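Student: Attaching a single structure in structure tokens format; questions to follow.
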Ligand code: HDE
């Protein structure tokens with residue numbers, strides 16, 4: 001669906017490449033009209049196929065080459081178009097047009113992804129989510145290729161292949177798919193203590209988002225902003241979702257993977273089709289260069305975040321995603337993000353992870369897309385004009401005119417010509433460097449424990465419980481005792497009682513110490529003493545911003561509400577509830593014992609969205625059961641409706657019923673807990689709405705865990 005009001009320069013550019021097949025004759029790739037695409041050319045109807053059959057050859061040839069290599073990481077992704085708008089100029093920090101011109105609507109293309117799984121793997125894997133934004137700015141394309149967590153597993157690009165090889169399916173049997181819960185990953189993690197911080201984020205609810213629209217995004221690395229005088233500031237980029245940050249429980253994640261493994265992809269697509277455009281605000285943490293060394297951690301270390309309580313996030317603009325791609329392959333699959341794509345006003349730092357990424361992404365596109373001319377694929381084309389002397393090679397799509405393709409030249413009047421800094425020419429920030437060439441790691445990167453502990457301390461009790469369950473699940477899937485034991489010791493560096501609880505679940509003891517495998521983790525050249533993980537420090541007791549308990553709870557927009565109905569349901573109560581929910585932009589779905597239509601007590605027909613046979617409780621945020629004896633009796637006669645309620649209760653969701661609807665609660669696990677604060681019997685829809693906006697009633701967690709479904 002296109003929103004014409006918000007059509008951007010990029011939309012207009014892409015439209016030139018769109019091909020509409022409506023009312024068109026089928027042709028070959030040469031434009032020849034085709035009269036039979038079902039039968040090959042044969043010597044007699046029962047004879048051999050003829051080599052002459054160019055129609056068959058073209059069709060099969062194309063088919064044979066329809067797949068390109070999937071991304072080595074972030075293979076599973078979903079994307080959308082939109083725009084970015086600036087609230088106020090920040091010219092004192094950056095000269096980038098996107099950060100100074102409030103009149104602009106900069107087109108964006110955003111791709112979200114999981115990291116470890118293959119292209120067809122489940123959306124609900126416990127994993128980091130990619131959050132890659134391509135800004136098509138007037139001064140060139142800027143890619144902010146981030147994640148939904150503010151830190152990364154490792155500190156140096158050199159370790160990336162090791163990390164990825166460890167988390168990917170094991171090389172002998174290609175098991176498990178899209179899962180970190182296996183020996184090789186924990187072997188690596190437990191030997192590489194710097195991973196501990198990102199790892200606890202993955203173990204937290206952040207690893208299983210409710211929706212791609214309900215995740216934060218982070219640039220992770222410290223970047224630089226450069227103003228027009230050439231003065232630099234350090235910066236960290238944050239995306240804050242308007243819908244708040246919310247997650248599902250692990251039990252739901254596992255079940256959603258079976259019920260709808262495209263859950264996140266569908267959710268993003270449907271929200272945009274429904275005109276419920278997801279929005280994020282862009283926030284900056286800006287640090288003067290003079291303050292580079294004032295923190296208890298190194299700004300260049302990508303395993304560290306800057307607590308928002310220490311450097312507040314300044315909100316400067318918003319991003320809206322308002323258009324689904326026209327074609328998955330052409331756009332979502334072929335989009336190529338490069339952290340090296342920057343524009344004047346933004347620059348890199350020496351973060352050793354970022355530095356490695358500057359090489360990797362351009363390189364990987366070659367094997368994925370097959371030609372270094374990938375920037376000419378429509379989705380990758382800048383909206384800024386391109387005039388380059390880098391031209392020849394596979395799949396050149398343009399016809400560059402003239403006699404020269406070099407600089408300097410006099411034959412083309414010196415064109416394309418160079419631009420000065422003032423004219424918008426990119427100049428790298430002139431950082432002063434005076435150092436020895438050395439293959440090592442800065443000692444200031446050696447604190448691996450303070451921040452995972454800060455994160456854990458900042459979580460609400462229910463979040464801590466989820467972390468404990470996640471560690472127990474993941475390590476429970478490992479087979480090697482020595483790996484689990486090393487992990488328990490590491491977890492104890494975060495919190496003793498957390499490690500003890502996990503150990504109890506594993507039937508193990510937390511070891512007092514382990515042989516610290518430092519020279520494996522850091523490298524034999526490093527000074528081992530310098531690189532011992534340091535004792536954890538407490539430089540901040542808690543950082544409330546890290547907890548999802550402090551996110552937004554002010555909307556139920558796009559929440560999926562299941563109405564359980566059968567013939568004879570009470571229309572009056574149904575309508576009151578439906579109207580109230582839809583007024584808040586929630587999505588009401590009718591679930592009945594069968595497909596087609598149901599008839600209410602006023603003999604009107606209502607379209608059923610899904611029969612109970614084809615859907616599951618885990619796909620909804622809340623449940624409502626209207627009264628009407630006949631309807632409720634029909635629901636009670638199918639045990640799956642009771643399972644539906646039990647699961648919603650187990651997952652701490654809000655449930656509302658009217659009149660006879662209460663009988664359904666009585667037949668379920670809710671029967672004994674009708675005083676629960678998110679259970680509503682004949683109550684005003686407003687109360688139900690408030691509870692849905694709260695996302696879950698975590699106070700119920702202890703009871704809910706024992707509900708068998
Ligand atoms: Fe990536 N990463 N990465 N990564 N990454 C890729 O590039 C790599 C890192 C991220 O939707 C690949 O085009 C190295 C951090 C996202 O298309 C590859 C290192 C962060 C995406 C690659 C990192 C990311 C990728 C695979 C360590 C968050 C998906 C396909 C030095 C700040 C982009 C591709 C999309 C994709 C390499 C670390 C985020 C192989 C070597 C840190 C969101 O080039």
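Student: Principal axis lengths of the stretch 539-618 from Cα atoms, whole Å, largest first?
Tutor: Projected onto its principal axes, the Cα set of the stretch 539-618 covers 66, 27, 14 Å.
Student: Here's something else I'd like to know. How much length would be gained if the chain were fully extended between residue 602 and residue 404, taking 0.36 nm per residue of separation minus their Cα-Cα distance, in nm to one decimal?
Tutor: 63.3 nm
Student: Additional query: Please work out how much length the chain gains when fully extended from residue 509 to residue 327, using 0.36 nm per residue of separation minus the C-alpha to C-alpha distance, in nm with one decimal.
Tutor: Contour length minus Cα-Cα distance gives 60.2 nm.
Student: Quick one: check the C-alpha center-to-center distance for the stretch 385-430 versus the stretch 12-54, whole angstrom.
Tutor: 40 Å
Student: Taking every pair of alpha-carbon atoms in the stretch 227-351, give the share separated by more than 17 Å as a whole percent.
Tutor: Cα-Cα pairs in the stretch 227-351 separated by more than 17 Å: 73 percent.
Student: Something else: From the alpha carbon gyration tensor of the chain, can you work out the equivalent ellipsoid semi-axes (sqrt of 5 times each eigenvalue) and give them in Å, largest to smallest?
Tutor: 43, 37, 27
Student: State, as an integer percentage, the relative contact order of the chain based on alpha-carbon contacts under 8 Å between residues 6 or more apart.
Tutor: Across the chain, relative contact order equals 12 percent.
Student: Sticking with this structure for a sec: State the Cα centre-to-centre distance between the stretch 106-173 and the stretch 222-255 in whole Å.
Tutor: So the separation of the two Cα centres works out to 14 Å.
Student: Using only the Cα atoms of the stretch 134-253, construct the convex hull and provide its projected area averaged over every direction, in square nanometres to one decimal.
Tutor: Dividing the Cα hull surface by four gives the mean projection, 10.4 nm².
Student: Please order 158, 215 by the number of other Cβ within 10 Å, starting at the fewest.
Tutor: Starting with the residue having the fewest Cβ neighbours, the order is 158, 215.
Student: A further question follows. Would you mind computing Rg(Cα) / (2.2 N^0.38 Å) for the stretch 215-299, counting N as its residues?
Tutor: Taking the Cα Rg and dividing by 2.2 N^0.38 Å, one obtains 1.59.
Student: Can you compute the modelled spin-label distance between residue 26 and residue 687, with each label point 7 Å from Cα toward Cβ, in nm?
Tutor: Taking the simple label geometry, residue 26 and residue 687 are separated by 6.1 nm.
Student: Under the 0.36 nm per residue contour assumption, what length would be gained going from the current alpha-carbon distance of residue 43 and residue 164 to full extension?
Tutor: Residue separation times 0.36 nm, minus the Cα-Cα distance, leaves 38.2 nm.
Student: Here's a follow-up. Between the stretch 455-509 and the stretch 295-354, what is the C-alpha centre distance in whole Å?
Tutor: Rounded to whole Å, the Cα centres lie 31 Å apart.
Student: For the residues 74, 81, 165, what sequence is obtained by ranking on other C-beta atoms within 10 Å, fewest first?
Tutor: Lowest to highest Cβ neighbour count: 165, 74, 81.
Student: Distances longer than 13 Å among the Cα atoms of the stretch 628-683: what percent of all pairs is that?
Tutor: Counting every Cα pair in the stretch 628-683, those more than 13 Å apart make up 55 percent.
Student: Please report, for the Cα atoms of the stretch 105-156, the Rg to one decimal and the Dmax as a whole number; what are they, in angstrom?
Tutor: 13.5, 38
Student: Taking the beta-carbon count within 10 Å as an exposure proxy, list 186, 87 from fewest neighbours to most.
Tutor: 87, 186
Where a number appears in this text, it was derived from the coordinates with a stated rule and is not lab data. These numbers come from a predicted model, not from an experiment. Note: ideal-geometry Cβ built from the backbone for every residue, glycine included; neighbour counts use all protein chains shown.
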